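Below is one structure, written out as structure tokens, with a few remarks after it.
The values are calculated or read from the model by the stated rules, or taken from the named source; none is laboratory data. Just so we're clear, the structure is a prediction, and the values are computed from it rather than from any experiment. Note that each Cβ is placed from the backbone with ideal geometry, even for glycine, and that neighbours are counted across all protein chains shown. What goes into the accessible areas is simple: the full protein's heavy atoms, side chains included, and nothing from ligands, DNA or RNA. Shrake-Rupley method; radii C 1.70, N 1.55, O 1.52, S 1.80 Å.
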Amino acid sequence: MKTNSIRFKIMRDTSVLLGVSLVLALAVVTKMQLQSADENAVKLESDIRETLNFQGKLLSREHAAALVGPFEDNSFTAVQSLILRAVHENEDVLYGIVVDPDLTIWAIADNERGSAQPRDDDKLTINKLGITEDFLEIEEGRRETKYDGKNVIEFSAKVEIDDEVLGTVRYGLSTGRMVAQLEEAQAKSTSDLR
């Protein structure tokens, strides 16, 4: 009877030890997966932000260079056409604005406009965006702001010839797609853990 009792205790203790070891192993694996999911989310956000930054800088710089000729020729329609196309052909671009140093609006476009020709109420729009003569002097080329209630990364570049600033082109890129991709990745990560 004592051998059965000893065997029972050994079996019970071994089973408990194996059970505790299994629970600890599962806890460690789960923690590692959660850390990996968090690291992947951070990496994904960083990659998306880098892509947005590259896209915004490239768009604003290239268009600033392309606008030198139309500015010299005083061709408002050429400026407006370029800005309207840029906004309508890129889903991430929420708006495009071109102003001269006196804050005269040469072109302003968003996804709801059929034309980039300025309207009377557009001065309010540039005021809401915080675009002032002082701001044009100290601009850094990139800032985060809001447009129409949406988070936006705004990129700007000066249109200049021989260090004379003729104007500024600005594009507001939406962070909406980035947020949607991050939420999708987090949902997938959560479902993968289940």
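Across segment 150-179, the qualifying residues are those that are aliphatic (A, V, I, L, M) and not in a strand (DSSP E or B), and the one among them that is least open to solvent (accessible area, probe 1.4 Å) is 178. Would you be able to say whether some residue in segment 108-125 is under 24 Å from residue 68 (Cβ atoms), hydroxyl-bearing (Ser, Thr, Tyr) and free of Cβ contacts under 8 Å to residues at least 60 places away in the same chain? Taking every residue of segment 108-125 in turn, at least one turns out to be under 24 Å from residue 68 (Cβ atoms), hydroxyl-bearing (Ser, Thr, Tyr) and free of Cβ contacts under 8 Å to residues at least 60 places away in the same chain.
For residue 85, the conditions (1) over 27 Å from residue 176 (Cβ atoms); (2) out of contact with any strand residue (DSSP E or B) (no Cβ under 7 Å at 6 or more places or on another chain) are fulfilled apart from (1).
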